[in-house]
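Working notes for the structure below.
The values are calculated or read from the model by the stated rules, or taken from the named source; none is laboratory data. No experiment lies behind these values; they were computed from the predicted model shown. When we count neighbours, we look across all protein chains shown, and the Cβ atoms used for this are built from the backbone with ideal geometry, even at glycine. Each accessible area value is taken on the protein alone, full model and side chains, heavy atoms only, with ligands, DNA and RNA left out. Shrake-Rupley method; radii C 1.70, N 1.55, O 1.52, S 1.80 Å.
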Amino acid sequence: MTRYSVWLVSCTLLCQVVTAQVTSSKTPDATDKKVAALLAKMTLEEKIGQLNQYTGDRITATGPLGKPIDKVQQVREGKIGSLLNVKGVAETRKMQEAAMESRLKIPLLFGLDVIHGYKVTFPIPLAEAASWDLAAIENAARIAGKEAAAAGLHWTFAPMVDISRDPRWGRVMEGAGEDPYLGSLIAKARVKGFQGAGLGDTAAVMACVKHFAAYGAAIAGRDYNTVDMSPRLLWEVYLPPFKAALDAGAATFMNSFNELNGVPATASSYLQRDILKGKWNFKGFVVSDWNSIGEMVPHGFAADRADAARLAITAGSDMDMESHSYIDHLQKLVTDKKVSIALIDDAVSRILRKKFELGLFDDPFRFSNEAREKKIVNAPEHKAAARDMARKSIVLLKNENGLLPLSTDKKIAVIGPLAKSKTDMKGFWSVKWNDEDELVSLYEGLEARVGKDALLYAKGCGIKDSSRAGFDEAVATAAKADIVVLAVGETFDMSGEAKSRANIHLPGIQEELVKALHATGKPVVVLVMAGRPLIFNWTADHAPAIVYTWWLGTEAGHAMADVLFGNYNPSGKLPMSFPRSEGQIPVYYNYNNTGRPSSNDKDINYRSAYIDMPNSPRYAFGYGLSYTGFKYDALNLSTEKLQRKDPLQVSFTLTNTGKYAGEEVVQLYIRDMVASVVRPVKELKGFQKIMLRPGESKTISFRLTEADLSFYNNDLKKITEAGTFKLMIGSASNDIRLEKSFELIN
Ligand code: GLC
């Protein structure tokens with residue numbers, strides 16, 4: 001068969017699939033009929049215009065820029081269906097007015113990366129994940145969505161749900177960490193938050209689940225790099241959060257830059273048609289990532305952008321973000337019969353449907369209300385929520401001899417390159433604004449709590465430079481204080497997109513500063529601020545107290561003060577493992593046992609272990625301390641012989657054994673001891689965040705079903721198998737307090 005005839009056959013087959021995907025849906029509803037009626041009036045050029053998305057603002061562009069064009073005129077001509085990076089009622093209204101001058105007056109969609117806040121900035125998503133507080137995470141997204149919608153936006157390019165086991169990858173800051181179970185629940189919470197009461201509500205925006213798929217598994221943690229994995233790993237670890245987000249009603253998806261097993265995601269019919277629009281029956285639309293269609297040429301998958309346009313539309317990539325491939329080439333591809341009009345109509349219909357659902361055809365300016373924008377954006381109650389989310393995101397890593405919380409009668413030396421930083425508190429992927437005085441630095445937070453007279457300050461050193469010129473002043477300042485609070489870490493833009501780091505140690509000579517201050521003999525509380533897990537082994541061994549604060553957003557300083565002075569008892573737990581060395585990466589809790597497992601860090605003889613370093617991470621998934629302590633006992637299972645159809649009821653008693661009220665994230669893990677494919681030594685299958693007063697006890701219950709015990713076999717079937725399971729309850733993945741085994745019987 002010639003190449004052309006192969007192509008013709010596959011095109012025909014594909015058209016059948018696409019037609020099936022479009023027409024197999026339920027009886028056309030009112031919106032379907034409106035879409036069909038509008039589609040029938042559209043010229044081919046107008047249809048292709050709907051598939052074309054440009055950045056409105058070249059200053060805040062979030063990717064490489066193409067040639068400057070007159071976008072207002074192109075909007076008037078119906079050649080643009082969506083703009084990103086246009087924000088605010090005034091700016092969006094102006095562009096929408098241009099759209100109303102087009103022949104069919106099809107309204108524009110306005111999208112923006114409202115990843116962790118619009119004007120009020122919340123902690124970066126990885127920090128929020130450390131809260132394990134799904135209600136708080138949903139609320140943060142709800143507020144972000146409300147502010148975005150009030151600012152004339154219809155669509156946020158969030159949540160990012162990429163699982164990642166590699167902290168060298170800068171975009172770990174944007175996700176929910178390494179675990180598919182936690183990541184799936186957080187994905188669902190964020191979609192529900194952004195979309196609120198549903199599309200059409202002027203306080204809701206469309207969510208956009210990204211990056212589909214497996215972008216977080218880039219080899220060597222290098223952004224945009226190759227992803228190569230077994231289909232089973234893809235289904236077991238990387239797809240679940242996408243399915244959870246889709247089940248939560250996500251309106252749109254965004255594909256990813258990476259190639260997966262040799263096929264760029266943007267051109268992957270397997271991902272976008274077989275799985276997303278086929279098996280998962282997704283009725284929304286897929287937007288490409290920035291220029292990901294055009295990038296199929298450098299990938300070596302498309303000969304040119306015309307070829308890329310054909311491959312992408314065929315694979316189910318509906319809207320072209322900033323590659324200009326669709327607007328430049330689709331018309332000729334259709335007239336040359338290289339692309340079926342059915343593909344175009346399916347993509348356009350999906351996009352028009354969302355515009356109808358948002359109510360934009362009823363009133364294209366319904367999101368453009370200046371009074372509402374003034375009232376909602378940056379509202380005080382939003383800052384209060386951001387402070388609460390920030391407190392809950394902080395992770396206490398070490399607290400020797402109860403050094404923390406601080407009493408307010410101490411002279412405190414606030415030292416370090418991040419002690420007075422405001423810019424960095426916003427983290428990467430914050431919406432760009434000119435004013436930074438909205439951001440509260442650590443110093444400002446402490447000053448608000450204890451007053452200026454209680455504080456001394458010295459910078460000590462820079463973040464990336466190697467100058468020790470500030471050390472003497474820092475040491476002298478420490479000598480005058482009772483205690484040192486030292487703020488070290490990265491800059492906000494050392495993590496994020498295209499911010500991979502091969503060396504994730506504390507940058508510069510900051511750990512030398514830690515040593516110099518430790519040598520003064522004054523107690524040093526080290527705050528580490530970063531968008532990713534960092535390596536700081538000397539500090540971890542020697543500092544008496546360590547607090548991981550990530551990037552906490554607008555209310556950062558107040559939240560840190562709340563924790564340092566005990567107004568809030570830290571409750572965060574790590575959503576990612578922290579390596580001791582880059583050489584350990586990938587290091588994650590749900591690993592397989594291997595045939596020569598290491599029973600402890602010293603068991604290395606003919607073991608799956610390093611001879612030069614412990615196997616274990618520096619800090620484990622699920623780890624985080626409190627100012628109080630918790631006792632776990634009286635684990636009870638409803639049965640030790642579980643029938644498949646029956647749920648397993650699990651209960652135990654949790655007691656606050658300390659003197660502070662506090663929250664504990666109790667974690668439930670299982671291990672399938674023997675299976676037809678090797679199962680991990682632990683899999684998170686439940687957690688609860690429990691508040692207890694000092695001395696208080698509560699009975700905590702979980703309910704497991706057969707689905708919780710299932711896994712994908714090598715035929716990609718989700719199955720469970722009879723046999724022994726270990727059930728573990730713990731305070732961290734490496735701190736199991738209770739365990740029992742049970743049999744799953746046929
Ligand atoms: C970027 C990111 C994506 C973002 C988009 C628009 O390159 O990969 O996450 O939503 O472009 O800014």
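Confirm whether TYR548 is surrounded by 19 or more Cβ atoms within 10 Å (Cβ to Cβ), away from the ligand (no atom under 16 Å from the Cβ) and closer than 20 Å to PRO579 by Cβ. Criteria met by TYR548. When the residues of the stretch 38-80 are filtered to those that are closer than 17 Å to ARG353 by Cα and within 16 Å of the ligand (Cβ to nearest atom), the one that is surrounded by the fewest Cβ atoms within 10 Å (Cβ to Cβ) is ASN52.
Here's the yes/no breakdown for (1) more than 14 Å from the ligand (Cβ to nearest atom); (2) on the phi > 0 side of the Ramachandran plot; (3) among the acidic types (Asp, Glu):
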residue	(1), (2), (3)
ASP162	no, no, yes
PRO167	yes, no, no
GLU178	yes, no, yes
TYR181	yes, no, no
ALA187	yes, no, no
VAL191	yes, no, no
GLY200	yes, yes, no
ALA213	no, no, no
ASP223	no, no, yes
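Is there a residue in the stretch 211-229 that is more than 26 Å from ASP318 (Cβ to Cβ) and hydroxyl-bearing (Ser, Thr, Tyr)? For the stretch 211-229, residues more than 26 Å from ASP318 (Cβ to Cβ) and hydroxyl-bearing (Ser, Thr, Tyr): absent.
When each of LYS375, LYS332, LYS337 is tested for being outside any strand (DSSP E or B), on the phi > 0 side of the Ramachandran plot and open to solvent by 50 Å² or more (accessible area, probe 1.4 Å), the lone residue that passes is LYS337.
Taking the condition open to solvent by 10 Å² or more (accessible area, probe 1.4 Å) and touching a helix residue (DSSP H, G or I) at 6+ places or on another chain (Cβ under 7 Å), does TYR623 pass? Taking the combined requirement at face value, the residue does not satisfy it.
Of all residue pairs spaced 6 or more apart or on separate chains, those with beta-carbon atoms under 6 Å, a first member in the stretch 95-114 that is in the same structural domain as VAL287 (by TED's automatic domain parsing) and a second member that is away from the ligand (no atom under 16 Å from the Cβ) and among the charged types (D, E, K, R) are ALA98/ARG76; GLU101/ARG76; SER102/ARG76; PRO107/LYS355. Taken together, GLU147, GLU178 contain a single residue that is part of a loop (DSSP other than H, G, I, E, B), among the acidic types (Asp, Glu) and open to solvent by less than 10 Å² (accessible area, probe 1.4 Å), which is GLU178. The condition of being closer than 16 Å to GLU497 by Cα, open to solvent by 10 Å² or more (accessible area, probe 1.4 Å) and of a type outside the set (Val, Ile, Thr) holds for ASP113.
Picking from residues in the stretch 561-577 that are surrounded by fewer than 24 Cβ atoms within 10 Å (Cβ to Cβ) and touching a Ser or Thr at 6+ places or on another chain (Cβ under 8 Å), the one that is nearest to LEU396 (Cα to Cα) is ASN569.
Hey, any hits in the stretch 275-294 for a residue that's away from the ligand (no atom under 16 Å from the Cβ) and in contact with a Pro (Cβ under 8 Å, 6 or more places away or on another chain)? No - not one qualifying residue is present in the stretch 275-294.
Based on this model, can you work out whether VAL475 counts as crowded, with 24+ Cβ neighbours inside 10 Å and aliphatic (A, V, I, L, M)? For VAL475, the condition - crowded, with 24+ Cβ neighbours inside 10 Å and aliphatic (A, V, I, L, M) - is not met. Inclusion of PHE110 among residues that are under 23 Å from LYS375 (Cα atoms), more than 16 Å from the ligand (Cβ to nearest atom) and of a type outside the set (Asp, Glu) is not warranted. You will find that of SER393, SER430, the residue that is buried (at least 24 other Cβ atoms within 10 Å of the Cβ), outside the structural domain of GLU174 (by TED's automatic domain parsing) and within 16 Å of the ligand (Cβ to nearest atom) is SER430 and no other. Entry remark, the stretch 311-321: residues being open to solvent by 10 Å² or more (accessible area, probe 1.4 Å) and within 16 Å of the ligand (Cβ to nearest atom) number 0 in total. Among residues of the stretch 368-407 being small (Gly, Ala, Ser) and within 30 Å of ALA481 (Cα to Cα), the one that is nearest to the chain's Cα centre (by Cα) is SER393.
The residue list LYS499, LYS422, LYS410 contains one member that is open to solvent by 40 Å² or more (accessible area, probe 1.4 Å), farther than 30 Å from LYS87 by Cβ and either within 24 Å of the chain's Cα centre (by Cα) or not hydrophobic (A, V, I, L, M, F, W, C) (or both), which is LYS410. For the stretch 225-251, which residues satisfy the criterion of being within 16 Å of the ligand (Cβ to nearest atom) and in contact with a Lys or Arg (Cβ under 7 Å, 6 or more places away or on another chain)? Answer for the stretch 225-251, where residues must be within 16 Å of the ligand (Cβ to nearest atom) and in contact with a Lys or Arg (Cβ under 7 Å, 6 or more places away or on another chain): ALA245, ALA251. Once the stretch 696-738 is narrowed to residues that are free of Cβ contacts under 8 Å to residues at least 40 places away in the same chain and closer than 25 Å to PRO575 by Cα, the residue that is surrounded by the fewest Cβ atoms within 10 Å (Cβ to Cβ) is ALA707. Could you tell me whether any residue of the stretch 434-443 is among the hydroxyl-bearing types (Ser, Thr, Tyr), more than 16 Å from the ligand (Cβ to nearest atom) and over 16 Å from ILE483 (Cβ atoms)? Looking for residues that are among the hydroxyl-bearing types (Ser, Thr, Tyr), more than 16 Å from the ligand (Cβ to nearest atom) and over 16 Å from ILE483 (Cβ atoms), one finds at least one in the stretch 434-443, hence yes. Considering (1) without any contact (Cβ under 8 Å) to a residue 40 or more places away in the chain; (2) among the aliphatic types (A, V, I, L, M); (3) assigned by TED's automatic domain parsing to the domain that holds SER733, the lone condition that VAL650 does not fulfil carries the number (1).
Pairing each residue of the stretch 66-77 that is in the same structural domain as GLU97 (by TED's automatic domain parsing) with any residue that is assigned to a loop (DSSP other than H, G, I, E, B), provided the two are 6+ apart or on different chains, yields C-beta distances under 6 Å for GLY66/HIS324; GLN74/ILE80; ARG76/GLU101; ARG76/SER102. Checking VAL86 against (1) closer than 24 Å to THR554 by Cα; (2) touching a His at 6+ places or on another chain (Cβ under 7 Å): exactly one of these is not met. Which one? Here VAL86 meets the rest and fails (2). Among the residues making up the stretch 340-371, a single one is among the charged types (D, E, K, R), touching a strand residue (DSSP E or B) at 6+ places or on another chain (Cβ under 9 Å) and open to solvent by less than 10 Å² (accessible area, probe 1.4 Å): LYS355.
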